[in-house]
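S.K.: Before I ask anything, let me first share the structure, which is written out below as structure tokens.
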Amino acid sequence: MHPDWLASAPHVIGGAILAGAAGMVFRRWVSQWWLLAIVAVGLAMTGEAVYEVFRYTWVTTDHADVSSYYDTIAAIGMTGVGAVLGAIVGIVISDTASNS
């Protein structure tokens, strides 16, 4: 049993988009870069956790097995990777735009 790694790319991309957008939007209210990164990654991970809990309970209620559990954990982890990358890009873009 192993996670479906082919389904991980959408989670990385989705996490990057969510965190990047949050980093750019919340830049006007949060001045420290590290606090902004925490907010951006936290928002992306909260959205992913809510989605995965809903999907896991809705889709796998009648046929839950270990592989669907691993898929859920892998999806949350891959969203975390994308969220960190997206937060970095979003903060750099928002800093560049505010300094020019």
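The values are calculated or read from the model by the stated rules, or taken from the named source; none is laboratory data. This one's a predicted model, so the numbers in the text were calculated from it and none came from an experiment. Positions of Cβ are generated from backbone atoms using ideal geometry, with glycine treated the same way; all protein chains shown enter the neighbour counts. Accessible surface areas use protein heavy atoms only, side chains included; no ligands, DNA or RNA. Shrake-Rupley method; radii C 1.70, N 1.55, O 1.52, S 1.80 Å.
S.K.: So residue 64 passes all but one of these: (1) at pLDDT below 90; (2) aliphatic (A, V, I, L, M); (3) in a helix (DSSP H, G or I). Which condition number does it fail?
M.R.: (3)
S.K.: Do you know which residues across the range 70-80 are touching a residue at least 24 places away in the same chain (Cβ under 8 Å) and farther than 15 Å from residue 23 by Cα?
M.R.: Answer for the range 70-80, where residues must be touching a residue at least 24 places away in the same chain (Cβ under 8 Å) and farther than 15 Å from residue 23 by Cα: 70, 71, 73, 74, 75, 76, 78, 79.
S.K.: Residue 36: surrounded by 15 or more Cβ atoms within 10 Å (Cβ to Cβ) and within 12 Å of the chain's Cα centre (by Cα), yes or no?
M.R.: no
S.K.: Identify the residue in the range 20-57 that is in contact with a Leu (Cβ under 7 Å, 6 or more places away or on another chain) and among the hydrophobic types (A, V, I, L, M, F, W, C) and, among all such residues, is modelled with the lowest pLDDT.
M.R.: 30
S.K.: Is it true that some residue in the range 91-100 is modelled with pLDDT under 85, closer than 15 Å to residue 21 by Cβ, open to solvent by 30 Å² or more (accessible area, probe 1.4 Å) and aliphatic (A, V, I, L, M)?
M.R.: yes
S.K.: Additional query: Considering only residues that are buried (at least 18 other Cβ atoms within 10 Å of the Cβ) and in contact with an Asp or Glu (Cβ under 9 Å, 6 or more places away or on another chain), look in the range 7-22 and name the one that is farthest from residue 81 (Cα to Cα).
M.R.: First, pick out the residues of the range 7-22 that are buried (at least 18 other Cβ atoms within 10 Å of the Cβ): 8, 11-12, 14-16, 18-20, 22.
Pick out the ones that are also in contact with an Asp or Glu (Cβ under 9 Å, 6 or more places away or on another chain) and you get 11, 14-15, 18.
Numbers: 11: 9, 14: 10, 15: 8, 18: 12 Å.
Among those that are buried (at least 18 other Cβ atoms within 10 Å of the Cβ) and in contact with an Asp or Glu (Cβ under 9 Å, 6 or more places away or on another chain), it is 18.
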